[in-house]
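The values are calculated or read from the model by the stated rules, or taken from the named source; none is laboratory data. Predicted, not measured: the structure shown is a model, and the values here were computed from it. Don't worry about glycine lacking a Cβ; one is built from the backbone with ideal geometry, like all the others, and counts go over all protein chains shown. In case anyone asks, the SASA skips ligands and DNA or RNA and just uses the protein heavy atoms, side chains included. Shrake-Rupley method; radii C 1.70, N 1.55, O 1.52, S 1.80 Å.
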Amino acid sequence: MKTTAILAALAFGASATALAQQKDWNFGDGETPELWSAISTDYAACDTGKMQSPIDLTGPDAIGTVALATNFGQAAGKLSLGKEKVQIDFAPGQGKGMTSGNKAFDLLQVHFHTPAEHAVNGKRHPLVAHFVHATSAGELGVLGVFFVEGAANPAIASLLSAHQQGDGTALSVNIDDMVPERVEVYRYMGSLTTPPCSEGVNWHVANTPVEASAEQIAALRGALGPSARSIQHRNGRLLVAPQ
Ligand SMILES: [Zn+2]
């Protein structure tokens with residue numbers, strides 16, 4: 001699939017639904033290689049690519065502060081559900097997004113994985129939110145935020161309430177409830193973690209988790225099932241870790 005088609009699918013709920021209906025792959029146990037390239041030649045990069053995600057965020061090449069500015073807050077969107085998929089497609093034109101490396105990324109959607117996909121020193125958090133962005137030129141940038149068990153999260157509460165109404169439900173969430181107050185990130189170049197595993201994705205993973213209750217995490221795990229791709233080889237890629 002072409003990057004433009006992915007972007008269109010990410011940006012528009014209807015296309016995202018169409019994409020979900022065509023889903024012909026599944027997550028595995030999160031450890032065994034999925035071998036998605038055996039399903040379709042469109043998925044070749046999943047197994048031959050050298051810049052795949054997720055990775056274990058350990059042994060960074062450099063410690064440094066990545067200049068990252070976010071503009072989130074309250075945002076309106078629409079729930080998009082599918083097998084192994086719980087996603088909010090944000091309505092365009094709300095001015096939400098992030099600026100990293102002098103590139104302005106517009107927020108398209110957020111989706112979740114149980115457990116988290118990226119590991120830190122070999123360990124995975126029980127839940128992660130992936131905020132998917134794109135520049136006007138179509139370059140993808142993702143911000144990943146881990147969740148730990150703690151206080152109930154109001155944004156996750158809104159999400160779960162909409163989930164009970166089903167696919168296509170309109171909702172409004174305060175994105176800041178799902179992002180740490182100070183966003184300090186691991187930074188590297190990787191890929192989509194689902195077929196077609198397209199590379200050139202600007203990965204940002206926050207080192208500070210946010211909280212959700214055990215019940216909320218369990219509810220998302222129930223909706224998603226195991227939904228983390230196996231850890232991929234770093235293949236000498238530069239990894240910058242926060243201080
Ligand atoms: Zn993801």
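Quick look at the values:
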{"quantity": "Given (1) surrounded by 14 or more Cβ atoms within 10 Å (Cβ to Cβ); (2) in a helix (DSSP H, G or I); (3) of a type in the set (S, T, N, Q), index of the condition Ser161 fails", "calculated": "(1)"}
{"quantity": "Subset of region 126-151 [closer than 18 Å to Glu84 by Cβ and either more than 11 Å from the ligand (Cβ to nearest atom) or loosely packed, with under 15 Cβ neighbours inside 10 Å (or both)]", "calculated": "Pro126, Leu127, Phe147"}
{"quantity": "Selection within region 78-125 - open to solvent by 10 Å² or more (accessible area, probe 1.4 Å), of a type in the set (A, V, I, L, M) and more than 13 Å from the ligand (Cβ to nearest atom)", "calculated": "Leu81, Ala91, Ala104, Leu107, Val120"}
{"quantity": "Residue in region 198-221 that is touching a helix residue (DSSP H, G or I) at 6+ places or on another chain (Cβ under 7 Å) and either modelled with pLDDT under 95 or open to solvent by less than 10 Å² (accessible area, probe 1.4 Å) (or both) present", "calculated": "yes"}
{"quantity": "Filter result for Gly82 (over 24 Å from Asn121 (Cα atoms) and in contact with a Lys or Arg (Cβ under 7 Å, 6 or more places away or on another chain))", "calculated": "yes"}
{"quantity": "Filter result (more than 16 Å from the ligand (Cβ to nearest atom), open to solvent by 20 Å² or more (accessible area, probe 1.4 Å) and not in a loop (DSSP other than H, G, I, E, B)) within region 172-188", "calculated": "Ser172, Asn174, Asp176, Asp177, Arg187"}
{"quantity": "Number of the exception - Arg237 against (1) in contact with a strand residue (DSSP E or B) (Cβ under 7 Å, 6 or more places away or on another chain); (2) in a loop (DSSP other than H, G, I, E, B); (3) buried (at least 20 other Cβ atoms within 10 Å of the Cβ)", "calculated": "(3)"}
